[in-house]
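A.B. asks: Structure provided below as structure tokens; questions to follow.
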Amino acid sequence: SNNVLSDTATAQAVFSSPSSVSLSGTTSYEFEASYLITRAAGTTSHTTAVLFNCTNALTSIAYVADVTTSTGVALTALNRIYGTGVTGVTVTGASTSATENLVITLRGIMRTNAATVVTPQFQYSAAPGGAPTVLPNSYIKFTPLGNSTVASIGNWS
């Protein structure tokens, strides 16, 4: 169902109950996510960032964020940026749209040191004036690849 969040500039969990996932320690994970976020009110200028709240520090993280943002439902250009930390990475330019539609796709590797609980989040730079809704079928998945130092999988030579 729709996950209606708050009109705020603080970090918010992308998903409702459950909002986080438990990952094993000393493990490398491939992750993929698709966040579908809409708003139907508010024109305060703001940017949007993605971030991860982790209960224990990671060994490393690197990911690519592909993002489209549109006023209403329209075809728009794809923007790409990469992140190398759990803190916020701004993935959009400033928007004043009252009918903002974001599609945020993430792909990357997360390596844990100790077992950790990860909460995927997003954050506006300023409260836009309308509450965002994370649409159904938004997701994140983690696939374990091996220990936290795995360099390759398969018959490389």
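A.B. asks: Within the range 33-70, which residues are open to solvent by less than 40 Å² (accessible area, probe 1.4 Å), assigned to a strand (DSSP E or B), under 19 Å from A94 (Cβ atoms) and among the polar types (S, T, N, Q)?
C.D. replies: The answer is T38, T48, T68, S70.
A.B. asks: Here is a list of conditions, (1) free of Cβ contacts under 8 Å to residues at least 24 places away in the same chain; (2) within 12 Å of the chain's Cα centre (by Cα), and V91 meets all of them except one; can you say which number that is?
C.D. replies: Only one criterion is unmet by V91, namely (1).
A.B. asks: Could I ask something else about it? Counting only residues that are at pLDDT 95 or above and open to solvent by less than 20 Å² (accessible area, probe 1.4 Å), how many does the range 93-113 have?
C.D. replies: Going through the range 93-113 one residue at a time, the tally reaches 6.
A.B. asks: Now for a different question. Among the candidates S22, S16, which residue alone is open to solvent by 60 Å² or more (accessible area, probe 1.4 Å), in a loop (DSSP other than H, G, I, E, B) and hydroxyl-bearing (S, T, Y)? Break it down stepwise before answering.
C.D. replies: Working: S22 fails: in a loop (DSSP other than H, G, I, E, B).
When all the criteria are applied, what remains is S16.
A.B. asks: I'm trying to understand the selection: among the residues of the range 131-147, which are at pLDDT 95 or above and surrounded by 13 or more Cβ atoms within 10 Å (Cβ to Cβ)?
C.D. replies: Of all residues in the range 131-147, those at pLDDT 95 or above come to 131-145.
A131, P132, T133, V134, L135, S138, Y139, I140, F142, P144, L145 - these are the residues of the range 131-147 that are at pLDDT 95 or above and surrounded by 13 or more Cβ atoms within 10 Å (Cβ to Cβ).
The values are calculated or read from the model by the stated rules, or taken from the named source; none is laboratory data. Nothing here was measured: the structure is a model prediction, and the numbers come from that model. Note: ideal-geometry Cβ built from the backbone for every residue, glycine included; neighbour counts use all protein chains shown. Ligands, DNA and RNA are stripped out before the accessible areas are found, and what is left, the full protein with its side chains, is counted by its heavy atoms. Shrake-Rupley method; radii C 1.70, N 1.55, O 1.52, S 1.80 Å.
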